[in-house]
Structures are given as C-alpha cells and as structure tokens.
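Readers should treat all values here as calculations from the given coordinates under stated rules, not as data from a laboratory. Here the structure is a predicted model, which means the values were calculated and not measured. Counting neighbours? That spans all protein chains shown, and the Cβs are built from the backbone with ideal geometry, glycine included.
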Amino acid sequence: MVDSCIYARKSIGLSGLRDPGRRYPALIVPTEQALCHDWFDRHDIEAADLLLGSHLKLVSSIAAEYRGRGVSTEDLTGEGYVGLMRALCHYDPASDVAFTAYASGWIHACIEQTIPSGKAAVEAITAGAGRATAGGKSAYPSNVRQGRVGWVASRHHAG
C-alpha cells in the first residue's frame, strides 16, 4: 500500500490535482465508498483524484478553524491536503467508518503538527504586538504584549 501512496502523490501532486480547473462534485456515501474500494483494490488514480478533489472543501473548512495561530492559511490548507492524501493511503473501505470522518482526523493531525506550541506560539501570535497606534498606545492589550495569551499563559504561568 505504501508504494501506491507514493505513486499517487507523484501522479496527483501536492501543488494541485491533475486538473486544477475541474469542478469536483460532492459525493454521496455509496459513491464515496465505491471510489474508496476502487482505490484500495485496484489503485485507480482516477478514483483517488475524484476522492481528493471532492474533499477539498473539507480541507479548507478545517484549515479555517486554525487561522490566527501563526501559520498562513495557504500553509494550513497545504498541510490539510497532505493529511487528506495520507487518509486515502491508510483508509480501509471495509471498516465501518466513513471516509470523510476518517479523513477529518488525518487533516486535523497534519495541520496541528505545523502550528507552533509553547513559547513559539506566543511569539508567532504576538509578532508585532509592540507596534504603536496613531495615538501612541499599543494596538494590543497588555497580556498580549507581555506574551500571556489564552491557554498558553494559563499552561505556562500556572503555579
């Protein structure tokens, strides 16, 4: 299965699908399952192309959940697409889990790996926080300027 995944990545590519101008339809569950079987059983690249293309909106919507965490939307979407491809490579159509649900977990996991954590997250989020506004005051609240932001602050400054 790994060899076919490498082949799929080379054939379809990370920079876009084989036909970037193509509009991909939303798939109903039986069609999605049939395409998953085609990919799993015969390594059908057309089935993989259709599966990946029809789930691009899923990748975009999941990537949107991670905006504002120090990584560009394009990078989040790209990592989400990698997760989608990994999901396709590891998915077993004989399982009781729908491909969309399975792929969501992979997409989240790949995106979360790119988001800085700890001190790096504070630095990424607060980059430029010392900028002054026209009135001479900072545009950001003091907790952001001092690096104490949300869960990061509570996790690192507790106790």
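Numbers below:
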{"read-out": "Index of the failed condition, A47 passing every other in (1) assigned to a loop (DSSP other than H, G, I, E, B); (2) more than 9 Å from the chain's Cα centre (by Cα); (3) of a type outside the set (D, E)", "value": "(1)"}
{"read-out": "Matching residues, segment 40-78, being of a type in the set (A, V, I, L, M, F, W, C) and either loosely packed, with under 14 Cβ neighbours inside 10 Å or farther than 15 Å from W106 by Cβ (or both)", "value": "F40, I45, A47, L50, A64, V71"}
{"read-out": "The lone exception for G78 - which of (1) in a helix (DSSP H, G or I); (2) more than 9 Å from the chain's Cα centre (by Cα) it fails", "value": "(2)"}
{"read-out": "Some residue of segment 30-46 being in contact (Cβ under 8 Å) with a residue 12 or more places away in the chain, in contact with a Gly (Cβ under 9 Å, 6 or more places away or on another chain) and not acidic (D, E)", "value": "no"}
